[in-house]
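Here's the structure we're looking at; comments come further down.
The values are calculated or read from the model by the stated rules, or taken from the named source; none is laboratory data. This structure is a prediction, so every number in the text was calculated from the model and none was measured. Neighbour counts run over all protein chains shown; Cβ positions are idealised from the backbone, glycine included. Remember, those area values only see protein heavy atoms, side chains included, never the ligands or the DNA or RNA. Shrake-Rupley method; radii C 1.70, N 1.55, O 1.52, S 1.80 Å.
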There are 2 protein chains.
Amino acid sequence: MLTGKNYIGFDLSAEGDTTYRTFNPLLNVENPTIFSEASEEEVDMTVTLAAKAFDAYRAISGVQKADFINAIADEIMALDDELVNMYCAETGLPEGRAKGERGRTVGQLRSFADLVRDGSWVEATIDTGIPDRTPLPKPDLRKILVPLGPVVVFGASNFPLAFSTAGGDTAAALAAGCPVIVKSHPMHAGTGELVASAIIKAAKKTGMPNGVFSNLNSSGIEVGVQLVKHPKVKAVGFTGSIGGGRALFDLAAQREEPIPVFAEMGSVNPVIALPSALSEKGNEWAKNYAGSITLAAGQFCTNPGLIFGLRSAFLDGFIKSLGEEIERLDPNCMLHPNIHDKYERGKSELSSQAGVTIAASVESGVAPNYATQRILTVDGDEFLKNPTLHKEVFGPFSVVVRCKDEMELTTIISNLEGQLTGTILGSSEEIYKYSGVVEALHGRVGRLIFNGVPTGVEVCPAMQHGGPYPASTDSRFTAVGVHSIKRWVRPLSYQNWPDIALPDELKNNNPLKISRLVDNKFTQDAW
Amino acid sequence: MLTGKNYIGFDLSAEGDTTYRTFNPLLNVENPTIFSEASEEEVDMTVTLAAKAFDAYRAISGVQKADFINAIADEIMALDDELVNMYCAETGLPEGRAKGERGRTVGQLRSFADLVRDGSWVEATIDTGIPDRTPLPKPDLRKILVPLGPVVVFGASNFPLAFSTAGGDTAAALAAGCPVIVKSHPMHAGTGELVASAIIKAAKKTGMPNGVFSNLNSSGIEVGVQLVKHPKVKAVGFTGSIGGGRALFDLAAQREEPIPVFAEMGSVNPVIALPSALSEKGNEWAKNYAGSITLAAGQFCTNPGLIFGLRSAFLDGFIKSLGEEIERLDPNCMLHPNIHDKYERGKSELSSQAGVTIAASVESGVAPNYATQRILTVDGDEFLKNPTLHKEVFGPFSVVVRCKDEMELTTIISNLEGQLTGTILGSSEEIYKYSGVVEALHGRVGRLIFNGVPTGVEVCPAMQHGGPYPASTDSRFTAVGVHSIKRWVRPLSYQNWPDIALPDELKNNNPLKISRLVDNKFTQDAW
């Protein structure tokens, strides 16, 4: 049952004066529960509790952390229809998507549980001493990754489960040994509270310290700002807009002690359709891309917002097919009236730019909050000189850019902002033939895709979800996959430390049987 | 032969109006060469050239990069006495130190050459596809670390070789595949130019692109500011003061595209002398620490600036011995009159704080630019309430803090700023007995040392040289050891990319025979 309260560790609390409700975009009405925004005092209490919990939590074994994280997955599944219904009521997304995203969320949690149960992720590195080395003895040095401290996670509007309360950022931080404070996304506060209740249940069942997890409601920016500025907060995870992510990055950089902010922000995910893709499979790609552009009303950070081709009759044919496919599809409901309004404004703004033609558009006959898809076309020279056309429009929308030649295309790609993904449609031979274009794309993205669509972010170790700014604030890390744990840890070295007092991961006899780099060789042996 | 000019890639250039000379602190006179500071146009030309070189350099094989880096080491050794003499003339440090630091520098370069020749450092990660997975096919994903782009390196005043022109930051960035622009340290511009000439020679001999390395002279902040703000610069390495490092960090964070700054800054390197260390080995530690405090006139970032003990007759005995040992040692010449002045000001400021007693001091009879060592003592309660006493005084200087009990000691340690190192002197049993103190220290440092001195930073994979702010701007990275390469790289994923067009590190048949994580198992096999 929803309470509308904040979880300050294990305790429910609602001391603040500000309240709000979530919105059902399908029914175009507010949902019933009244949520209480965390007060300044509640925020401070929460961080203080998390900092205290850190001392206990970071010392807990990997096996115990794995049990905790698996228990979170179990408790999320136990919420069953209550969670699915709440998710749908707060997003307008269909039940199938809710269940799919729940599966992804639970899968992510279990993959982090496996990671910390195995234990090798700490990158244990041992250089044994040489006491009789001349002129100076070589000390015994042993390095391990240790957690940074309390992490604040900002939930994403478009992934209430997989990138929010118990999403990838939270799972990675808890696995790392960092307590987590979630700044709940106001659009799905109910979903957030339910998932938070699952995490709290799991924490209690598995004996975790009070404060290992908290969930704070907020309808504006105040709670988030206070959290990021709090001296006891040591890192921040964010998924959302460039404006929001950059504001948090700036706040964190201006602190007396700056802290890392990993913000996964906007991306227009350029797609380059090389000649053979258009001449041989133009209709097929048009159909695939119509699906990718409109999937979940285009509310994905990997939505293909820009498609580039060289001017030709085949490109014109592709644009025509894409338009027909797009117009054939039914519009979908967006997450919230605010997101819908922003989509409509962005769509209009780009549509009214010089040289832009509307290639396809769905205009009428839809309910409130439904996004009507649109495809624009523009020539390369106009695109190159107009930064407005480079902007992300969050929704079922894409711009096809018609380039006059390879040089113009290369120049355009070289001048794009950083992106999560870049896609090449074509043949293997064309990767070489258009190597300048491909090389330019290589420098602007976190993930290169060949003959596919950018939507669909597989959760696996080889996934890079992040990219050069503004795709993310630090391209050196990923937000998806187990390697995302590296955002929340730092190396700590022990020099000549007594074996008995070392963490198990670094002891001579390797009691955890983890893989370690010992004197520059990987081994699971004791030594 | 010195020219006093900048290296803009392979070309010597001196277009600017500002000139300066370096200083011989032993002789207390300026050195003869006139250096030309890089002009705004020269800085811009340099970065443009580096960005162009990046396209070629990042595609060069690991083996070729290894040859280049080893050639740098060879060319540095070939400079022979010319380099050693220049080093001594610009620092006042003795020949033995010059040769030792040269050995360290060359050793670092060779360890990075070995790393990139082996090739496994790119953390190649492969998740093979499952085309018939339902409901959606699993794509083939392959991830590799790729270089960020041109890196600016700021040389350190106190390590003209090991942390400057061809020092750890440069070696790591070149190994990563990033062109390097060194902002030469004005105190040792001659040493810098000689080393730069060695790098340029090596680049030409091994066929590296023009612009892979440049060396810019500068006497003020303008060149550095322009470099950090330049849109084509993608990362910054710095070793020096908190003020300098923070200013660069702020500039980089305020850019339209923020870039990572790894600044290794100040540290006072707290040492906790537990009771057994004082009662059983007080005199021995006093002698060791007198040596560590005064080594190279205390001009090390790992110099032990704070020593803590619990009040007792043994602590008093230790202070007395430390004082006697300190007063017995001859003062050493500092690097530059400015550093000497700053030392004297810092020493005076701390000596005049409330509750502070001078336990030992060398006062007179020394030449200009020589640092006269001093030890202060203060009680824990005074230390706790006076932030001035927490400040680093760069030189042969240390404060012994007498704590009334374990609780006061724990509180003090918990409230210290972030540090490069923390040292425990005592017995294994005391690590448990004083676990609160040790745990508090654990949270504040990058390296924990048992029964040793913090000076001496071993170059090996298990070394962590960095720590919570302000020891460094990002505690998640190290400045020493081969893992420092991670500062300059980002992951890039390839999805369903044709095998023939993948980098060798990710090809099915593993032609480089590197270690890779394939479907979650480490292997050197093809598959």
**Request:** Only one of these is within 13 Å of chain B (Cβ to nearest Cβ) and more than 26 Å from A:Thr478 (Cβ to Cβ): A:Pro231, A:Pro275, A:Pro260. Name it.
**Result:** A:Pro231
**Prompt:** So is A:Ala202 crowded, with 24+ Cβ neighbours inside 10 Å, touching a residue at least 12 places away in the same chain (Cβ under 8 Å) and part of a helix (DSSP H, G or I) or not?
**Reply:** yes
**Asked** Which one of the conditions (1) open to solvent by less than 20 Å² (accessible area, probe 1.4 Å); (2) more than 7 Å from chain A (Cβ to nearest Cβ) does B:His483 fail to meet, given that it meets all the rest?
**Response** (1)
**Request:** Take the residues in segment B:224-238 that are of a type in the set (A, V, I, L, M) and out of contact with any Ser or Thr (no Cβ under 9 Å at 6 or more places or on another chain), then tell me which one is farthest from B:Thr19 (Cα to Cα).
**Result:** B:Ala235
**Request:** Identify, from the list A:Glu349, A:Glu264, A:Glu257, A:Glu324, the residue that is of a type in the set (Asp, Glu) and either free of Cβ contacts under 8 Å to residues at least 12 places away in the same chain or buried (at least 16 other Cβ atoms within 10 Å of the Cβ) (or both).
**Result:** A:Glu264
**Item:** Among residues of segment A:500-510, those that are more than 9 Å from every other protein chain (Cβ to nearest Cβ), open to solvent by less than 60 Å² (accessible area, probe 1.4 Å) and without any contact (Cβ under 8 Å) to a residue 40 or more places away in the chain, counted
**Value:** 3
**Message:** So, A:Lys229, is that one among the basic types (Lys, Arg) and in contact with an Asp or Glu (Cβ under 9 Å, 6 or more places away or on another chain) or not?
**Reply:** no
**Message:** Any residue at all in segment B:354-374 that's acidic (Asp, Glu) and either over 28 Å from B:Tyr469 (Cβ atoms) or over 28 Å from the mean Cα position of the chain (by Cα) (or both)?
**Reply:** yes
**Request:** Looking only at segment A:1-15, count how many residues are more than 26 Å from the chain's Cα centre (by Cα), under 15 Å from A:Val182 (Cα atoms) and open to solvent by less than 60 Å² (accessible area, probe 1.4 Å).
**Result:** 2
**Message:** So if I check each of A:Gly92, A:Gly119, which one is under 30 Å from A:Pro337 (Cα atoms), in contact with a Leu (Cβ under 9 Å, 6 or more places away or on another chain), in the same structural domain as A:Thr206 (by TED's automatic domain parsing) and open to solvent by less than 20 Å² (accessible area, probe 1.4 Å)?
**Reply:** A:Gly92
**Prompt:** In segment B:195-234, how many residues are farther than 19 Å from B:Gly149 by Cα and polar (S, T, N, Q)?
**Reply:** 5
**Item:** Leading residue by the ranking (farthest from A:Ile293 (Cα to Cα)) among those in segment A:449-476 that are touching a Phe, Trp or Tyr at 6+ places or on another chain (Cβ under 8 Å) and surrounded by fewer than 24 Cβ atoms within 10 Å (Cβ to Cβ)
**Value:** A:Asp474
**Asked** Are there any pairs with C-beta distances below 9 angstrom linking a residue in segment A:437-456 that is over 17 Å from A:Gly426 (Cα atoms) to a residue that is surrounded by fewer than 21 Cβ atoms within 10 Å (Cβ to Cβ) and among the hydroxyl-bearing types (Ser, Thr, Tyr), with the two at least 6 apart or on different chains, and if so which?
**Response** A:Gly443/A:Ser414; A:Arg444/A:Ser414
**Prompt:** Looking at segment B:48-58, is at least one residue open to solvent by less than 30 Å² (accessible area, probe 1.4 Å), under 30 Å from B:Trp527 (Cα atoms) and out of contact with any helix residue (DSSP H, G or I) (no Cβ under 7 Å at 6 or more places or on another chain)?
**Reply:** yes
**Prompt:** Do the conditions hold for A:Trp527, that is, is it out of contact with any His (no Cβ under 9 Å at 6 or more places or on another chain), under 17 Å from A:Pro139 (Cα atoms) and modelled with pLDDT under 95?
**Reply:** yes
**Asked** Can you tell me which residue in segment B:435-480 is farthest from A:Ile500 (Cα to Cα), limited to those that are of a type in the set (Ser, Thr, Tyr) and facing another protein chain (nearest Cβ under 7 Å)?
**Response** B:Thr473
**Item:** Those residues of segment A:104-129 which are under 14 Å from A:Ala171 (Cα atoms) and small (Gly, Ala, Ser), in sequence order
**Value:** A:Gly107, A:Ser111, A:Ala113
**Request:** Output the number of residues of segment A:130-145 satisfying the condition of being open to solvent by less than 30 Å² (accessible area, probe 1.4 Å) and more than 8 Å from every other protein chain (Cβ to nearest Cβ).
**Result:** 3
**Prompt:** Is it fair to say A:Ala156 is within 14 Å of chain B (Cβ to nearest Cβ), open to solvent by less than 10 Å² (accessible area, probe 1.4 Å), under 30 Å from A:Lys232 (Cβ atoms) and among the aliphatic types (A, V, I, L, M)?
**Reply:** no
